[in-house]
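I have placed the structure first, in the form of structure tokens, so that the comments after it can refer back to it.
Just so it is clear, none of the values below were taken in a lab; they were calculated from the coordinates. This is a predicted model, so every value here is computed, not measured. Glycine also receives a Cβ, built like all others from the backbone with ideal geometry; neighbour counts cover every protein chain displayed.
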């Protein structure tokens, strides 16, 4: 796995470089916004650790350009603890997660591992599945989502969020349950983290102009994935191990 660490604090970058390499990651460094974009194009990292306060080119600009150039790269932003507005703006621009300064290196390493687990298939996981509802198709094996046969480009977190919804149709999920199921831990602005990612997911599912009202907000509780008429179909992906008949959860029906 290749990571890119971007911060103008060279001592911090050195410390994070050491901590991440100890875990077996390959690490590239950049100390300003312009160098970050150059390294991003050159090294094609799997994950970027990005400080928002950068010289030469603002962190928000860097984030926006990185996300525009690659929907699948994972991006973890760094922010001073008091800058919650900056954190929320970063999440709106497509960051997968954030960590507040000051932090311990092992805390960042744990967060990096959690993010990469969301975007990479790990050994021993269940056989990949295909989920369908209406004209929405999510394929775990290829990590693709299509609507009306057109590909929808989702970030790793958005993909896992949609998968989490489609695996739990007809059930109201609290924000805490979604946060634990998708992000794998609690967070200070967890509600906003969920809300912003749900908003982005809704927007992308309707990016062709068609209304797909499959995710309902349940005020004061969380969200309900009701799916299209006919519920959610769940089947093994082609070539996957078969452990029996396709399963169907509440509000779902097994594919024939």
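Among 210-219, 96-105, how do they line up from the highest to the lowest mean number of other beta-carbon atoms within 10 Å? Could you put the intermediate results ahead of the total?
Numbers: 210-219: 12.5, 96-105: 16.8.
For the peptides 210-219, 96-105, the packing ranking is 96-105, 210-219.
Seen from all directions on average, region 53-118 presents a Cα convex hull projection of 4.6 nm².
Report relative contact order for region 1-101 in percent, whole number only (criteria: Cα-Cα under 8 Å, sequence separation at least 6). Could the numbers behind the result be given before it?
Numbers: 178 pairs, mean separation 25.1, N = 101.
Across region 1-101, relative contact order equals 25 percent.
Which shape class, rounded, prolate or oblate, goes with region 1-114 when its Cα gyration tensor gives a ≥ b ≥ c as root eigenvalues, a/c under 1.5 marks rounded, and past that a/b bigger than b/c marks prolate?
Values: a/c = 1.33, a/b = 1.10, b/c = 1.21.
Rounded is the answer for region 1-114, as its axis ratio a/c remains below 1.5.
For region 11-70, the equivalent ellipsoid built from the Cα gyration tensor has semi-axes of 20, 14, 9 Å, listed from largest to smallest.
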